[in-house]
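Chemist: My questions will all concern the structure given below.
We did not get these values from a lab; they are worked out from the coordinates using the rules stated. None of these values were measured; they are calculated from a predicted model. Cβ: placed from backbone, ideal geometry, glycine included. Neighbour counts: every protein chain shown.
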Amino acid sequence: MTHDPLDAAALAQFVDHTLLKPEATRADVDALVAEAARLGVYSICVSPSFLPVDVSGAPGLKVATVCGFPSGKHHSEVKAAEAARAVADGADEVDMVIDVGAAKEQRFEDVQADIAAVRAAIPAPAVLKVIIESAALTDHEIVHVCKAAAAAGADFVKTSTGFHPAGGASVHAVRIMADTVGGRLGVKASGGIRTAGDALAMIQAGATRLGLSGTAAVLAGLESESAY
């Protein structure tokens with residue numbers, strides 16, 4: 001997949017500007033919103049307890065949150081209730097975590113049912129992204145989990161929480177995910193993307209959204225590279 005060269009403003013529109021640290025405060029979220037407005041990103045992604053978030057000072061900015069985070073080891077009905085509450089509290093998008101252990105056990109029908117439960121709780125226009133923890137999965141498992149997400153009606157598959165010891169996004173995983181969903185779903189690369197080069201490599205591999213916590217540094221890196 002090839003793309004025209006991206007400038008910082010175009011790259012910013014791929015970005016979910018993310019703050020999911022357990023120690024985050026309301027002041028941190030206010031700063032995140034202000035920075036998101038300044039950088040021109042697509043959305044912010046915050047923990048559900050921070051919802052609703054006032055983004056009136058940033059017209060067009062979407063609000064995303066997480067569900068079943070970060071382990072995915074929650075009952076499906078709990079994930080569904082959490083997602084429904086988040087959307088009621090103003091979230092436009094929900095990034096849910098699968099039961100990675102179910103995928104490791106090849107229980108892909110159970111993975112699909114888990115995703116479907118959340119999808120039923122937050123019908124369109126709410127956007128559902130499915131975090132698969134790709135670094136903890138084999139290529140075979142990545143393919144089957146992506147197929148399960150598609151069958152369950154998800155809008156995106158997402159590489160990582162950023163909290164798993166196995167690691168975050170990789171170009172290899174993003175490419176497999178993009179090849180599997182074939183443009184029917186978006187692909188979000190998240191976890192460990194810290195430079196403009198990292199971000200562009202993920203997009204080149206097929207990512208249509210990026211989860212970044214160090215967004216300003218990534219965009220500044222692209223601007224400095226393009227200056228030469």
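Chemist: How large is the charge dipole for segment 37-139, taken about the Cα centre, if only the Cβ atoms of Lys, Arg (+1) and Asp, Glu (-1) carry charge, to the nearest 20 debye? Numbers along the way, then the final one.
Modeler: Values: 9 positive and 14 negative charges, 50 e Å.
For segment 37-139, the charge dipole is close to 240 debye.
Chemist: Using only alpha carbon pairs under 8 Å that are at least six residues apart, calculate the relative contact order of the chain and give it in whole percent. Could you put the intermediate results ahead of the total?
Modeler: Numbers: 454 pairs, mean separation 40.3, N = 228.
Dividing the mean separation by the residue count of the chain yields 18 percent.
Chemist: Please state the charge dipole magnitude for the chain, taken about the Cα centre, from unit charges on C-beta atoms (+1 on K and R, -1 on D and E), reported in debye and rounded to the nearest 20. Numbers along the way, then the final one.
Modeler: Working: 18 positive and 27 negative charges, 40 e Å.
Dipole size: approximately 200 debye.
Chemist: Is segment 157-223 rounded, prolate or oblate when judged by the Cα gyration tensor, a ≥ b ≥ c being the square roots of its eigenvalues, rounded requiring a/c under 1.5 and prolate requiring a/b larger than b/c?
Modeler: On the way: a/c = 2.12, a/b = 1.37, b/c = 1.55.
Judged from the Cα gyration tensor, segment 157-223 comes out oblate (a/c at least 1.5, b/c at or above a/b).
Chemist: When the Karplus curve 6.51 cos²θ - 1.76 cosθ + 1.60 is applied with θ = phi - 60°, which whole-Hz ³J(HN,Hα) does each residue of segment 101-117 get, with x for Gly and Pro?
Modeler: Couplings: x, 5, 5, 5, 8, 6, 8, 6, 5, 5, 4, 4, 5, 4, 5, 4, 5 Hz.
Chemist: Under 1.5 on a/c is rounded, so check that first for segment 40-120, then, if it is not, pick prolate when a/b is larger than b/c and oblate when it is not; a ≥ b ≥ c are the square roots of the alpha carbon gyration tensor eigenvalues. Kindly include the intermediate steps, with their values, before the conclusion.
Modeler: Values: a/c = 2.76, a/b = 2.28, b/c = 1.21.
Prolate, since a/c reaches 1.5 and a/b exceeds b/c.
Chemist: Also, I was wondering about something else. Given points 7 Å out from each Cα along the Cα-Cβ axis, report the residue 223 to residue 35 separation in nanometres with one decimal.
Modeler: Label at residue 223, label at residue 35, 1.4 nm between them.
Chemist: Also, I was wondering about something else. Over the chain, how many percent of alpha carbon pairs lie in each 5 Å bin up to the one with the longest distance?
Modeler: P(r) for the chain, in whole percents per bin: 1, 7, 16, 20, 21, 17, 11, 5, 1, 0, 0.
Chemist: Short version: ³J(HN,Hα) in whole Hz for each residue of segment 77-93, in order, from phi by Karplus 6.51 cos²θ - 1.76 cosθ + 1.60 (θ = phi - 60°), x for Gly and Pro, what are they?
Modeler: 5, 6, 4, 4, 5, 4, 5, 4, 4, 4, 5, 4, 8, x, 5, 8, 9
Chemist: Shifting gears a bit: Hey, rough spin-label estimate for residue 85 and residue 71, points 7 angstrom out along Cα→Cβ, what's it come to in nanometres?
Modeler: My value for the distance between the label points is 1.7 nm.
Chemist: What residues have an amide H closer than 5 Å to that of residue 211, excluding those fewer than 5 places away on the same chain, when H is modeled at 1.01 Å from N in the peptide plane?
Modeler: 16, 189, 190, 191
Chemist: Right, another one. What is the distance, in nm, between label points placed 7 Å from the Cα along the Cα-to-Cβ direction at residue 163 and at residue 23?
Modeler: 1.6 nm
Chemist: For segment 12-114, give me the percentage of DSSP beta bridges that are antiparallel, rounded to the nearest 5 percent.
Modeler: Details: 0 of 12 bridges.
Bridges in segment 12-114 are about 0 percent antiparallel.
Chemist: Sticking with this structure for a sec: Of all DSSP beta bridges located in the chain, what percent are antiparallel, nearest 5? Please report the intermediate quantities before stating the final value.
Modeler: Details: 0 of 29 bridges.
The antiparallel proportion sits near 0 percent.
Chemist: Another question about this same structure. Once phi is turned into ³J(HN,Hα) by the Karplus curve 6.51 cos²θ - 1.76 cosθ + 1.60 with θ = phi - 60°, what whole-Hz value does each residue of segment 27-34 show in order, with x for glycine and proline?
Modeler: Each residue's phi maps through the Karplus curve to give 5, 5, 5, 4, 5, 4, 4, 4 Hz.
Chemist: Hey, with R₀ at 45 Å, roughly what FRET efficiency would residue 56 and residue 172 work out to, going by the Cβ-Cβ distance, to 0.05?
Modeler: Efficiency at R0 = 45 Å is approximately 0.65.
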